[in-house]
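Read the structure below first, then the notes.
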Amino acid sequence: MMSPEVSIVIPVFDETACLDELLERCLRAGKACGHKFELILVDDGSTDGSDKKISRAAQLHEPVVAVLLNRNYGQHAAVFAGLSQAGGEIIVTLDADLQNPPEEIPRLVAEIEKGNDVVGTVRMHRQDSFFRRSASALVNKAVRQATGVMMHDYGCMLRAYRRFIVDAMLQCSERSTFIPILANSFARHTSEISVKHDSRNQGTSKYSIFKLVSLQFDLLTSMSTFPLRMLSIVGLVVAGGGIGFGLLIVVMRIVYGAAWAADGVFSLFAAMFILIGSQFIALGLLGEYIGRIYNDVRARPRYFIREVLGKNKEVDNITPACPINK
Ligand code: UDP
Ligand code: MG
C-alpha cells in the first residue's frame with residue numbers, strides 16, 4: 001500500500017459484537033471519501049478475542065492495519081498508538097461501538113479540505129443516559145470557557161485532524177491527555193458539523209463510573225493552569241464567606257447576648273465544615289496534579305505496541321521491519 005491520504009483510527013476494547021459491522025461500514029465509508037485510505041484498528045488489550053478478529057481483518061482487507069497493544073491502556077492512549085502509526089494527510093478518529101456513524105467520515109474529510117485544521121462534531125439527539133448528558137454539558141461549558149476554543153461537544157471522538165496537528169500531538173509527552181483539547185491547542189482553523197448519534201446496540205459501555213471520573217480529571221488538568229486559578233478563586237470566596245459569617249455571629253452575639261451565641265454553636269460547626277471541606281477539595285485537586293507529575297516524571301511509555309499487522313502490505317517481505325514513528 002502506498003502512503004494513504006486518509007487514516008481512520010479506531011480504538012477497540014472488547015468489541016467483538018460490533019467489529020464485523022464496523023469493519024464493513026468503515027471500509028465503505030473510506031471508499032466513499034475518494035482518497036486512498038487506511039483503517040487502523042487499535043486493540044486496547046481486549047480479552048474477548050477482538051484482537052484476533054482485528055488481526056484477521058488486517059490479513060483479509062488491504063486498507064486495514066492492526067495495532068495490538070499488550071494490555072489495556074484506555075481509550076485515549078489507544079488512539080495515540082493508532083495516531084503514531086497513521087500515515088495519512090488527514091486523520092479521522094471514531095469509536096468502535098457505532099454510536100458515531102462511520103458514514104459521516106467523508107463529510108469530515110471534506111470539511112478538512114475546506115481549510116480547517118481540526119473538525120469536531122456535535123451529537124444530535126444524543127443517545128446516552130440523562131446523567132451522562134448533563135455531566136457532559138457541564139464539562140463542555142467549562143472547557144469552552146477555559147480554552148476559549150468554541151466547540152460544543154468535546155466528548156465526541158468522531159473528529160478529523162490535519163497531519164501537522166497529529167504530529168504536534170505526538171510530540172507531547174504528557175501521559176494523561178484528552179485528545180480533543182490537545183488538538184485544539186494547536187489548531188488555528190477549527191469547525192464543527194453535526195452528526196447523528198446512535199444508541200449502543202451491541203456490547204456495553206467500556207466506561208465504568210470510576211473510569212469516567214478519571215477521564216474528567218484528565219480533561220480538567222489538561223487545561224493547564226486554569227483549574228489552579230479556579231482553586232484560588234473558590235478559596236477566596238469560601239474564606240470571604242467565612243469571615244462574613246464570623247462577623248455576623250459577633251454582631252448577633254452583641255445584639256442578642258451570649259445565649260444566642262451558645263445556640264449558634266451549630267452554625268459555627270457549619271462554617272468549620274465548609275472550610276475543612278474546601279481544603280479537602282483543594283488538596284484533592286493538588287493531588288491530581290502531583291499524581292500526573294509523578295506519572296510524567298516516571299516517563300513510562302504511554303502505551304506499548306505488541307505488534308503491527310497489515311502495514312506496507314506489498315513491501316512486507318522485502319523490508320524486514322517498518323520504521324515506527326519515522
Ligand atoms: N475503549 C478503549 N479502551 C478502554 C475503553 C474504551 O479502547 O479502556 C474504546 C471502546 O472500544 C470504544 C471507545 O473507546 O471504541 C469508546 O468507548 P465506549 O463506547 O465504551 O464509551 P462511551 O461511548 O460509553 O463513552
Ligand atoms: Mg460509546
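The values are calculated or read from the model by the stated rules, or taken from the named source; none is laboratory data. Everything numeric here is computed off the predicted structure, so don't read it as measured data. For neighbour counting, all protein chains shown are included, and Cβ atoms are generated from backbone atoms with ideal geometry for every residue, glycine included. Note: areas computed on protein heavy atoms with side chains; ligands, DNA, RNA excluded. Shrake-Rupley method; radii C 1.70, N 1.55, O 1.52, S 1.80 Å.
What pairs can you find where one residue is in the range 122-135 and loosely packed, with under 14 Cβ neighbours inside 10 Å, the other is at pLDDT 80 or above and hydrophobic (A, V, I, L, M, F, W, C), and their Cβ atoms are less than 9 Å apart, with a gap of 6+ or different chains?
M124/V195
Assess whether K114 counts as being over 26 Å from C172 (Cβ atoms) and away from ligand 1 (no atom under 13 Å from the Cβ).
Numbers: over 26 Å from C172 (Cβ atoms): yes; away from ligand 1 (no atom under 13 Å from the Cβ): yes.
Spelling it out, K114 is indeed over 26 Å from C172 (Cβ atoms) and away from ligand 1 (no atom under 13 Å from the Cβ).
What number of residues within the range 287-304 are surrounded by 12 or more Cβ atoms within 10 Å (Cβ to Cβ) and in contact (Cβ under 8 Å) with a residue 40 or more places away in the chain?
Within the range 287-304, residues that are surrounded by 12 or more Cβ atoms within 10 Å (Cβ to Cβ) and in contact (Cβ under 8 Å) with a residue 40 or more places away in the chain number 8.
Look through L98, L158, L138 and report the one residue that is buried (at least 23 other Cβ atoms within 10 Å of the Cβ) and either modelled with pLDDT under 95 or more than 16 Å from ligand 1 (Cβ to nearest atom) (or both). Step through it out loud before you land on a result.
Values: L98 fails: buried (at least 23 other Cβ atoms within 10 Å of the Cβ); L138 fails: buried (at least 23 other Cβ atoms within 10 Å of the Cβ).
Being buried (at least 23 other Cβ atoms within 10 Å of the Cβ) and either modelled with pLDDT under 95 or more than 16 Å from ligand 1 (Cβ to nearest atom) (or both) holds for just one of L98, L158, L138, which is L158.
E103 - would you say it is over 24 Å from C18 (Cβ atoms) and away from ligand 2 (no atom under 16 Å from the Cβ)?
Working: over 24 Å from C18 (Cβ atoms): no; away from ligand 2 (no atom under 16 Å from the Cβ): yes.
Against the criterion (over 24 Å from C18 (Cβ atoms) and away from ligand 2 (no atom under 16 Å from the Cβ)), E103 does not qualify.
Do we have S224 as at pLDDT below 75 and open to solvent by 60 Å² or more (accessible area, probe 1.4 Å) here? Walk me through how you get there before you give the answer.
Details: at pLDDT below 75: yes; open to solvent by 60 Å² or more (accessible area, probe 1.4 Å): yes.
Here the answer is yes, as S224 does meet what is asked.
Suppose the filter is assigned to a loop (DSSP other than H, G, I, E, B) and open to solvent by less than 10 Å² (accessible area, probe 1.4 Å); does G88 pass it? Break it down into steps so the answer makes sense when it comes.
Details: assigned to a loop (DSSP other than H, G, I, E, B): yes; open to solvent by less than 10 Å² (accessible area, probe 1.4 Å): yes.
Criteria met by G88.
Could you list all residues from the range 151-175 that are of a type in the set (K, R) and within 16 Å of ligand 2 (Cβ to nearest atom)? Reasoning before the result, please.
Of the range 151-175, the ones of a type in the set (K, R) are 159, 162-163, 175.
The answer is R159, and nothing else.
Can you say whether R71 is assigned to a loop (DSSP other than H, G, I, E, B), of a type in the set (K, R) and modelled with pLDDT under 95, as far as the supplied structure shows? First the steps, then the outcome.
Values: assigned to a loop (DSSP other than H, G, I, E, B): yes; of a type in the set (K, R): yes; modelled with pLDDT under 95: yes.
Spelling it out, R71 is indeed assigned to a loop (DSSP other than H, G, I, E, B), of a type in the set (K, R) and modelled with pLDDT under 95.
One residue is enough: does the range 176-194 have a residue meeting the conditions within 16 Å of ligand 2 (Cβ to nearest atom), in contact with a strand residue (DSSP E or B) (Cβ under 9 Å, 6 or more places away or on another chain), open to solvent by less than 30 Å² (accessible area, probe 1.4 Å) and touching a residue at least 60 places away in the same chain (Cβ under 8 Å)?
yes
In the range 4-39, which residue that is within 16 Å of ligand 2 (Cβ to nearest atom) and β-branched (V, I, T) is nearest to S84 (Cα to Cα)? Lay out the reasoning, then the answer.
The initial filter retains those residues of the range 4-39 that are within 16 Å of ligand 2 (Cβ to nearest atom), namely 9-19, 21-22, 25-26.
From what is left, the residues that are β-branched (V, I, T) are 9-10, 12, 16.
Details: V9: 10, I10: 13, V12: 16, T16: 24 Å.
Per the criteria, the residue is V9.
Report yes if some residue within the range 26-46 is within 12 Å of ligand 1 (Cβ to nearest atom) and open to solvent by 10 Å² or more (accessible area, probe 1.4 Å); otherwise report no.
Within the range 26-46, one or more residues are within 12 Å of ligand 1 (Cβ to nearest atom) and open to solvent by 10 Å² or more (accessible area, probe 1.4 Å).
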